[in-house]
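Q: The structure's right below; bear with me while I get my questions together.
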Amino acid sequence: MSEMQQTGHTGVALSHNALMPSVQRIGERDIEITYLGTNAAGQPTWIMWNATEPYLIGMLSRGKMGYHFEQRTSSGVMLHENISLNRVQRALGG
């Protein structure tokens, strides 16, 4: 059974099915989101890829106060800490 967490009607939906990618439309982009399981700190972790070109967009993990999003940008890595899924969506251009 698929367990999804979603914000709003068109928000980011996060699956808890390990290694089962899903493609979601966020803003003008198709993003492949894959649940990796828990990281060393016991936090659920997802990885995000561009669905049309093979490049890493970022890594998302759930913390105690919100989500941590390590986003790859043209000027390096940007770290967003303790943010909501709505803020993650805005960081992705949605």
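Q: Roughly how much of SER74 is accessible, in Å² to the nearest 10, using a 1.4 Å probe?
A: Accessible area of SER74: about 130 Å².
Q: Right, something else. Test of understanding: what is the full-extension gain from ALA40 to ARG72, defined as 0.36 nm times their sequence separation minus their Cα-Cα distance?
A: Numbers: separation 32, 0.36 × 32 = 11.52 nm, distance 2.13 nm.
Going from the current span to full extension adds 9.4 nm.
Q: Please report, as a whole percent, how much of the solvent-accessible surface of the chain comes from carbon and sulfur atoms (probe radius 1.4 Å).
A: Details: 2950 of 5720 Å².
Taking all protein chains in place, the chain shows 52 percent carbon and sulfur surface.
Q: Taking the alpha-carbon set of the chain, what are its Rg and Dmax in Å?
A: 12.3, 40
Q: Under a Cβ-Cβ cut-off of 13 Å, what is the net charge of the residues other than GLN71 that fall near it, where Lys and Arg count +1 and Asp and Glu count -1?
A: Every neighbour counted, the sum reads +2.
The values are calculated or read from the model by the stated rules, or taken from the named source; none is laboratory data. If you're wondering where the values come from, they're calculated on a predicted model, not measured in any experiment. Neighbour counts are summed over all protein chains in view; Cβ atoms, including those assigned to glycine, are modelled from backbone coordinates with ideal geometry. Just so you know, the surface numbers come from the protein's heavy atoms only, side chains and all, with ligands and any DNA or RNA stripped out. Shrake-Rupley method; radii C 1.70, N 1.55, O 1.52, S 1.80 Å.
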